[in-house]
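The structure under discussion appears below in the form of structure tokens.
Read the figures in this text as sums done on the coordinates, not as results from a lab. Just so you know, these numbers come straight off a predicted model, no measurement behind them. So basically every Cβ, Gly included, is an ideal-geometry build from the backbone, and we count neighbours across all protein chains shown.
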Amino acid sequence: MRTIYSFLLLATLLFTAAPAQAQFGKLLKQASDKAEAVLSGKNPLSEEEIGKGLKEALNQGVDKAVTSLSSVDGYYQSPYKISLPEEAQTVIKKLSMVPGFGNLEQDLTERINKAAELAATKAGPIFVDAIKGLTIKDAMNLLLGEQDAATRYLESSTSSPLTNEFQPIIRNSLDEVNANEIWHKAVTAYNKLPFVKKTNPELDAYVTERALSGLFGLVEVKETELRKNPALRNTDLLKRVFARQDKE
């Protein structure tokens, strides 16, 4: 009798535990599947997440570009070194034998690059504000676009306002390093020479264009690196967003 009772009790426990056991197994599998999806990048990304990821990538690129180019000799010793405009070469050649202008080319080149470095230190917030304007609607197209898609979008949508903001900084920086004064003296002397075509003594527009070109160029390099090198994706959001790009 005791044996029969024990068997019935065991059977009751097993049948009662079966649904709970099955439910636990189902929850365990769901958790495992979710973890695997996160690790493999299979979780679907919302448009908002894609937008945030691209902004984060651009912010990183801009920060690195600004930090690099605003350092000592950041422009001068980089691939983005600003050379003198073509018309300046004519001025320098004509003045090379005039006392006081023998070292004009090197002196001016160093000074305009220094002006660009000074301006770059103040450009960060302007770029950050521009990145905030990136819409969620465009985020997917940029993510799955060319290796420089985000940079080109940023360039096309902000070049005009950035120039308006950047040029006064360049002008002040050129004054700060005395580049404008030296160039004005050189052009004034040149324009007094007989049989020469008069030239424009303004440098700020040219230096602004070249300085911004350098900044966008370095941002593009950083974007391409981030797209191609998973090791540089140092946040979970960047890993998930660019994992989506890797599959395309």
In a shell of Cβ-Cβ distance under 14 Å around Ser156, excluding Ser156 itself, what net charge do Lys and Arg (+1) and Asp and Glu (-1) give?
-4
Cα pair distances in the stretch 46-247, grouped into 10 Å bins until the bin that holds the longest one, percent each
9, 32, 26, 17, 10, 5, 1
For the stretch 44-85, the dipole about the Cα centre with charges only on Cβ (Lys and Arg +1, Asp and Glu -1), to the nearest 20 debye, works out at 260 debye
At a threshold of 8 angstrom on Cα-Cα distance, excluding pairs fewer than six apart, so keeping six or more, what relative contact order does the stretch 51-182 reach in percent?
34 percent
